[in-house]
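Asker: This is the structure, below, for whatever I ask next.
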Amino acid sequence: MKRFLTGLLTVFCAIAALAQNVPALEQLKADPRKASTIHLVFYRGRRATDDILVKCLLNGYEVTLPVKTDTFPYYKWSDLRACWQAKIDSVE
């Protein structure tokens, strides 16, 4: 159940960020029957101590997520996971 909720929250966060992404929003308004794609791209440095960074794409466009970051469009995986875990725990 937690995996399902984590995936669902990923989708909701990306859709909420859609309002800040005008080209993707216009595309969905033009034909709402079209599907959307959400990509979470993970980046890891060569050293084991490097942070894992995540970039979220909605229909190929970078989106803003409700997590603080100094390196937009990249988010620390630990921060993103903590945000989603807090939302999941509040549902249960």
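All of the numbers you see were taken from the coordinates with simple rules; none came from a lab. Quick caveat, the model's predicted, so the values are computed rather than measured. Ideal geometry is used to build each Cβ from the backbone, glycine not excepted, and the neighbour counts take in all protein chains shown.
Asker: What ranking, highest mean first, results for peptides 60-71, 39-50 when packing means the other Cβ atoms within 10 Å averaged over each residue? The partial results should precede the final answer.
Answerer: Numbers: 60-71: 14.2, 39-50: 9.2.
Packing order, densest peptide first, comes out as 60-71, 39-50.
Asker: A further question follows. Which parts of the range 57-91 would a label at Phe42 reach, counting a residue when its backbone N lies under 17 Å from a point 7 Å out along Cα-to-Cβ?
Answerer: 57, 74-85
Asker: I would also like to ask the following. For the range 35-75, what number results from the quotient of the Cα radius of gyration and 2.2 N^0.38 Å?
Answerer: Against the empirical 2.2 N^0.38 Å value, I get 1.27 for the range 35-75.
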